[in-house]
1. Report the calculated FRET efficiency for A93 and A183 (r = Cβ-Cβ distance, R0 = 51 Å), to the nearest 0.05.
2. For the chain, rounded, prolate or oblate, judged on the Cα gyration tensor with a ≥ b ≥ c (square roots of eigenvalues), a/c < 1.5 rounded, else prolate if a/b > b/c?
3. With the Cα gyration tensor of the stretch 173-231 giving a ≥ b ≥ c as the square roots of its eigenvalues, does the rule (a/c under 1.5 for rounded; else a/b larger than b/c for prolate; else oblate) give rounded, prolate or oblate?
4. Expressed in whole Å with the largest first, what are the equivalent ellipsoid semi-axes of the stretch 109-193 derived from the C-alpha gyration tensor as the square root of 5 times each eigenvalue?
5. Given H placed 1.01 Å from N in the peptide plane, which residues other than close sequence neighbours of Q46 have an amide H under 5 Å from its amide H?
6. Only loop residues by DSSP count here, and only those with at most 11 other Cβ atoms within 10 Å; note down the trypsin sites (Lys or Arg not before Pro) in the stretch 1-74 that meet that.
7. Students often get this wrong, so check it: of K5/K68; K108/K131; K129/K174; K131/K186; K5/K85; K182/K206, which have C-alpha atoms separated by over 18 Å?
8. Any idea what log10 I(q)/I(0) is at q = 0.13, 0.14, 0.16 Å⁻¹ for the stretch 101-249, Debye with uniform C-alpha scatterers and no solvent?
Amino acid sequence: MPVSKPNILLLGGITEAYELAEQLCHLPLRVITSLAGRTQTPRLPQGEWRSGGFGGVDGLIHYLTHEKIDFIIDATHPFAFEMTKNALAAAQATGIPLIRLERPLWQKQVGDNWTEVETLEDAAKLLPKEKIVFLALGRQHLAPFLNGRNCQLIARMIEKPEMETDGVQIILAKPGTTEEEKAFLKDHHIDIIVARNSGGKPSYGKIAAARELGLPVIMISRAPLPQLQIVETVDAAANAVCQAFRLSE
Ligand code: NAP
């Protein structure tokens, strides 16, 4: 009788989730990547995938039970707190092991001019008057900046926001290299950047560019989530799965 493969639920959201799905698919595992379903034409991972919310903690518990999930990997964005909290609650309720793949935070370097704050709302209070502000935040996080401002706002994102972004200049583009980001910041005469400390390489170009151009950054910190077993790399995540099921990579 064939032995069934362990079922892995990989909550996607960061680029590294695709790399991890690819690595895990070489192993005797059933790998299901879950996508939030926010983008119209998402990149699809290797292995199985599903899309859309589970319906809160209860919905997730139901899914885990129905699909006989043996192991959960949370590889959502560092600021996707809701999904991370739900995954933790569902893992605790079901006893299914959970690890989180999380990029290490960016560390302030010599030459960085950061003002660190805890929330988007705190950042919005610090917007300087009559300056050009680059909101490097993504479309879901603009709301706190829209009212009562007297500066010029430019936001860059991959897809158009669903909400009204009255008066904000929206630029549809992806993050670039340090050189590309320097050109972007200069072309748009940016005075100050608002960013979240997402960590990782894909969006670090703007931070390095700000340092080289001497521009200030309002940096929104990441709230720590205790009780989570965190790994920082794709290899470490794959290793943890191998150890859990006594597989060799
Ligand atoms: P969030 O606030 O943590 O999640 C809101 C809800 O979206 C969750 O409660 C869940 O719905 C659903 N959801 C989120 N990730 C999911 C996944 N991988 N699979 C299935 N359902 C998921 O997250 P968010 O900030 O709205 O971000 C949405 C997605 O975009 C996340 O996967 C995140 O990794 C990715 N992303 C976010 C950012 C960001 O800046 N926040 C940046 C890049 C990518 P239910 O409660 O119904 O299960």
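1. 0.55
2. On the way: a/c = 2.27, a/b = 1.98, b/c = 1.15.
Here the chain falls in the prolate category.
3. Because a/c hits 1.5 or more and a/b exceeds b/c, the stretch 173-231 counts as prolate.
4. Taking √(5λ) for each Cα gyration eigenvalue gives 19, 17, 13 Å.
5. E22
6. Filter output for the stretch 1-74: R43, K68.
7. Numbers: K5/K68 11 Å; K108/K131 24 Å; K129/K174 27 Å; K131/K186 14 Å; K5/K85 27 Å; K182/K206 7 Å.
Distance filter (> 18 Å) returns K108/K131; K129/K174; K5/K85.
8. The Cα Debye sum returns log10 ratios of -0.64, -0.72, -0.89.
The values are calculated or read from the model by the stated rules, or taken from the named source; none is laboratory data. For clarity, every value in this text was computed on a predicted model and none was experimentally measured. Cβ: placed from backbone, ideal geometry, glycine included. Neighbour counts: every protein chain shown. Areas reflect the complete protein model, heavy atoms only, side chains present, ligands, DNA and RNA absent. Shrake-Rupley method; radii C 1.70, N 1.55, O 1.52, S 1.80 Å.
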